[in-house]
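The values are calculated or read from the model by the stated rules, or taken from the named source; none is laboratory data. This structure is a prediction, so every number in the text was calculated from the model and none was measured. Don't worry about glycine lacking a Cβ; one is built from the backbone with ideal geometry, like all the others, and counts go over all protein chains shown. Protein only, heavy atoms only, side chains kept; ligands, DNA and RNA dropped before computing areas. Shrake-Rupley method; radii C 1.70, N 1.55, O 1.52, S 1.80 Å.
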Amino acid sequence: MAMVLTPHRENSGGGGGSISKHLDAAGKYVRYTSEQVEALERVYAECPKPSSMRRQQLIRECPILCNIEPKQIKVWFQNRRCREKQRKESSRLQTVNRKLTAMNKLLMEENERLQKQVSELVYENAYMRQQLQNASAATTDASCESVVETPQHTLRDANNPAGLLSIAEETLAEFLSKATGTAVDWVQIPGMKPGPDSVGIVAISHTCSGVAARACGLVSLEPMKIAEILKDRPSWFRDCRSLEVVTSFPVGKGGTIELVYMQMYAPTTLAPARDFWTLRYTTTLEDGSLVVCERSLSGSGAGPNASAANQFVRAEMLPSGYLVRSCEGGGSIIHIVDHVDLEAWSVPEVLRPLYQSSKVIAQKMTVSALNHIRQVAQETSGEVVYGLGRQPAVLRTFSQRLSRGFNDALNGFNDDGWSLMTCDGAEDVIMSVNTTKNVGTINCPTNVLPVSGGTLCVKASMLLQNVPPALLIQFLREHRSEWADYNIDAYSAASVKSSDHSFPGLRPTRFSGSQIIMPLGHTVEHEESLEVIRLEGHALTQEEAVLSRDIHLLQICSGVDENAVGACSELIFAPIDEMFPDDAPLLPSGFRIIPLDTKRDTSTSHRTLDLASSLEVGLPTNRGTEDASRSTSNMRSVLTIAFQFPFEYHLRENVATMARQYVRSVLSSVQRVAMAIAPSGLGPLLGPKLSPGSPEALTLAHWICQSYSYHVGAELLRSDSEGGDSVLKQLWHHQDAILCCSSKSLPVFTFANQAGLDMLETTLVALQDITLDKIFDESGRKSLCGDFAKLMEQGFVYLPGGICLSTMARHISYEQAIAWKVLAEENTIHCLAFTFINWSFV
């Protein structure tokens, strides 16, 4: 029986007797029968808040409720909703309480560890003072080191189980001293505050051999499940190409020893890949905690595939692993330690900060592992909802395949079928070819394209100076038309069709400019998103007008959070069929931008550099101009680009030429965008960089002023300017709007001073989406078209005053406009310039 609180009501008439039958002795409660409660619950399940008419209908349709007033039924539903709300709130508070309890335990352990570290440092400090006072004593002592040095173990130790068990026990002790002890001086990463919804506590090493990171957090999975997920490193570590358990045998206390060979991708084209030959030990401690620890075994050629060692540099894994223990109320507390030596000596000096950064290890390995476990936990509990009716695991697999396909093309391993092609004399791009019909890899062998040929990959790397990686990736994602060719996308999209007649080659198609982004899902910390991109196109021939020319791309975008420490930014995409199945073939291409440590950076005025100049160690360079205009910012990053193109055998050379030219044009466009968004003392000043010979901002300013003086016969700026910088400053702060546009058939704006940006109500990046004809009204366009021939013939033209439009559709009046050709070296036309005199909003 159920009892529901109801206010006592005085009633008159025939209804009073009926109600009195449902009042108890106190006259405050109505006791419902189980049948009545069941009927009300059925209605509540369908409609928790029924209207007055619905309650009246309920009484008429359900005879067992006919002796209850509608107002009493209304009160029952109110009470029922209140109980439901209280139940949910109680469940939520219990969950938060469990998390806070576990997090409090974690913080107490961390505090205890820090107290031990302080005690050790105090002792070491006193000991050092004593040593310094005693001149005859040794000036150094190994005990002052706060790092556990990892001895290399010979292959002789690995040839027998007793030797392996000895190594395993030593690895366990050293790992635990890092995870919960003071073997490494850990420094917490700023912004990683503990809490019920935080990723956990993340720290990096301060002084130790190699690079190390540690994380501890709460995960709502059982320890065995967590260990199973983390041991499958390729499923969550994007840089892991493959992992092979060569040997496995049980040891005492239910433990297992495994010999593991792992290969890692190289993140850029400028460094070789890494591999590891390790011992992995899984065991259970006396307190029930589950431990998986791992360390390298010595021998550069050791491993199951010694022949592949030529493509890899053997890296060292110092004692690392996972400590997982159950916590009360469900879930587990996990400690993760990653400690590696990536042999930074083997990469160019400009890239060494990438291999010597603990922040990069923390972001790529430690935090990724913790986020992946949390992602799986949320998917298991049903908290994650994805689009297009796809299961979370399926979409996660798509993201992994995109990333792996891009890494495989970027690295071009021989055992995947890749081989280098001869270049055309220039060394700005690298081209490789895979002539196997199966473009899948050892990780995804079913990725087969219906092409009777192969795949070309064109890749390149460059150094970016003072360019925020997150901002550049955001621009490339949102403004695809600025760098991509729709017809190239259409050509690649034809390769994913299953029909034998669906690979027609390159057909002319006009891109409508419409790009629709349809999100599919994102990771738990929103650091990566998976989405479908639809590019709307229109056929140029009457026969193809009835066919859909839309192109669909599957895309992952990551690293757009500028506050993420050590994170790389990626934009990877692949053409797909509109109704892409779960096993759809993928041919990924894209961009990767990796920030470099700026401590040892040397300033330079170039915002984009060819990496070849940075790799010429010791060669003399003439950089007097650069020294005069060095930027105060030292932010550097490496941009790597890799594009794949399918081909048929008889079209291989044609596709190779097209691919090489296309990637070079993409690089030029990215350079132009990078220069535009690079911060400087004057704001975003740089104009386009459409080719290697294009000007920087200072040179462009000189060309604008010199061309104006040459054509018009007057000076654009004041004649008292001194030095190169003052020309650029005066141009930027000029009271009249000065804009530059390309001299193509459809002129697009490429540069504007501050007044020009204010007039058009835009930014320098968004400016490059505006065509010249869009800012004029009908009469202005007619006047410009009539004088355009005169402009190209005599080099300049005066335009009468009129009205133009800003990007916000506001009308702008100007007294006069002057247009002139901007001449570069050898009197070649670089662009067209306009100045709008005495402009104002109407």
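The figures follow:
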| item | result |
| --- | --- |
| Amide proton proximity set for ASP550, modelled H, under 5 Å, gap of 5+ | GLY537 |
| Counted charge near SER806, where neighbours are those whose Cβ lies closer than 15 Å (Asp, Glu -1; Lys, Arg +1) | -3 |
| Paramagnetic reach from GLU578 (point 7 Å along Cα→Cβ, amide N under 19 Å) across segment 467-497 | 487, 489-497 |
| GLN816 versus CYS62: modelled label distance in nm, points set 7 Å from Cα along the beta carbon direction | 8.6 nm |
| Solvent-accessible surface (1.4 angstrom probe) belonging to LYS359, in square angstrom, nearest 10 | 100 Å² |
| Förster radius 56 Å - calculated FRET efficiency between THR256 and SER52 (Cβ-Cβ, nearest 0.05) | 0.25 |
| ILE704 - accessible surface, heavy atoms, 1.4 Å probe, Å² rounded to 10 | 0 Å² |
| Dipole in debye (nearest 20) - segment 699-842, about Cα centre, beta carbon charges: Lys, Arg +1; Asp, Glu -1 | 300 debye |
| FRET efficiency, 1/(1 + (r/R0)^6) with R0 45 Å, evaluated for HIS650 and ILE516 via beta carbons | 0.80 |
| Segment 770-842 - Rg and Dmax from Cα coordinates, angstrom | 12.9, 42 |
| Solvent-accessible surface (1.4 angstrom probe) belonging to VAL292, in square angstrom, nearest 10 | 10 Å² |
| Theoretical gain in end-to-end length, THR207 to GLU536 [0.36 nm per residue, Cα-Cα removed] | 113.1 nm |
| FRET E, pair SER806, GLU244, Förster distance 41 Å, beta-carbon r, rounded to 0.05 | 0.10 |
| Two-site label geometry, GLU778 and ASN125: point separation in nm, points 7 Å out along Cα→Cβ | 8.2 nm |
| Centre separation in Å (Cα based) which lies between segment 27-101 and segment 205-262 | 50 Å |
| Extension gain, ASP561 back to GLN78 (0.36 nm per residue minus Cα-Cα distance, nm) | 169.4 nm |
| Entries in LYS729/LYS790; LYS744/LYS782; LYS88/LYS364; LYS225/LYS364 that, when Cα-Cα distance is taken, lie over 27 Å | LYS729/LYS790; LYS88/LYS364 |
| Heavy-atom SASA rank of GLU825, GLU793, GLU258, GLU169 (probe 1.4 Å, accessible area, largest first) | GLU793, GLU825, GLU169, GLU258 |
| Accessible surface ranking that places the most exposed of GLU124, GLU478 first, with a 1.4 angstrom probe | GLU478, GLU124 |
| Label-point gap, in nm, between GLN391 and ARG92 - each point 7 angstrom along Cα→Cβ | 3.1 nm |
| Cut-off under 5 Å, modelled amide H: who pairs with THR750 long-range | CYS740, CYS741, SER742 |
| Gain upon complete extension [GLN311, ARG42; 0.36 nm per residue less C-alpha separation] | 90.1 nm |
| Kirkwood Rh, angstrom, segment 743-795 [1 / mean 1/r, Cα pairs] | 12.2 Å |
